[in-house]
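Asker: I have a structure here, written as structure tokens, and I will follow up with some questions on it.
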Amino acid sequence: MSRLLRLIARDLLRGPRTIDAPPADADAVAQLVARLGERAQACLGRSLRIRVVDAGSCNGCELEIHAVCNPVYDIQRFGIDFVASPRHADVLLVTGPVTTNMAEALQRTYDAMPAPKWVVAMGDCGIDGGCFAGSYAVLNGVHAVIPVDLTIPGCPPSPEKLLAGLLALLDMTATGT
């Protein structure tokens, strides 16, 4: 048997090398999401709509964005939705360093949003380019192209950090800071 086949057989027999994620505190998550839904209702008089733009990420942040829609977090039960059109969005959630090829698309997406509109740079790459900063192919963080209202640090930030960041954005909006 060749070395490659032995490696494949060993890995198949061993099983996955991943570990389980730490259990989420169901009550704390439910309270956080409920507060986010209530704050959106108070600030906007309706549900919060989010448009996500991947400006050149590795998709780590997108996995965490998908996680907030899974049965553990289920933010849609509180009326917080991800929308396909920027014309229906309140929040533009941008992930990844802005690549030179995505700069115009990001600017057009921002321009298409109605007021009030807020921009959130998610992840270290969205904030300042992360490990891609200084590359000829990126413009670094989102702020290089459009104004940013809030940053959520992490590589990638956890779903709890994403939810807390959105709540902080709405709290800032409510207080006018």
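Asker: Over the chain, average the accessible area per residue using a 1.4 Å probe and give it in Å², no decimals.
Answerer: That works out to 55 Å² for each residue.
Asker: What is the packing order of peptides 7-14, 55-62, taking the mean over residues of other C-beta atoms within 10 Å and listing the highest first?
Answerer: Values: 7-14: 9.5, 55-62: 19.9.
By packing density, highest mean first, the sequence is 55-62, 7-14.
Asker: Over the chain, with every protein chain in place, what whole percent of the accessible area is carbon and sulfur at 1.4 Å, could you tell me? Let's see the in-between values first.
Answerer: On the way: 5510 of 9770 Å².
Reported share for carbon and sulfur atoms: 56 percent.
Asker: Follow-up. Which of G165, A133, P116 sits closest to the plus end of the dipole of the chain, meaning its Cα is farthest towards the positive end, when Lys and Arg get +1 and Asp and Glu get -1 on the C-beta?
Answerer: Among G165, A133, P116, the one farthest towards the positive end of the dipole of the chain is A133.
Asker: Post the alpha-carbon centroid distance, region 140-177 to region 52-130, in whole angstrom.
Answerer: 10
Asker: So what is the relative contact order for region 75-119, in percent, with contacts set as C-alpha pairs under 8 Å and at least six apart?
Answerer: This gives 52 percent for region 75-119.
Asker: Okay, next question. In the chain, what is the volume of the convex hull around the alpha carbon atoms, normalised per residue and reported in Å³?
Answerer: 146
Asker: Moving on to the next point. Return the calculated 222 nm mean residue ellipticity for the chain, to the nearest 500 deg cm²/dmol, obtained by summing -39500 (n - 2.57) across DSSP H runs with n ≥ 4 and dividing by the residue count.
Answerer: Numbers: 6 runs with 72 residues, N = 177.
It lands at -12500 deg cm²/dmol.
Asker: Sticking with this structure for a sec: Using the Cβ atoms and a cut-off under 14 Å, what net charge is assigned to the surroundings of Y73, where Lys and Arg are +1 and Asp and Glu are -1?
Answerer: The answer is -3.
The values are calculated or read from the model by the stated rules, or taken from the named source; none is laboratory data. Since we're looking at a predicted model, the values are computed, not measured. As a convention, Cβ positions derive from the backbone with ideal geometry for all residues, glycine included, and neighbour counts pool all protein chains shown. When the accessible area is computed, the model is the full protein with side chains, heavy atoms only, and any ligands, DNA or RNA have been set aside. Shrake-Rupley method; radii C 1.70, N 1.55, O 1.52, S 1.80 Å.
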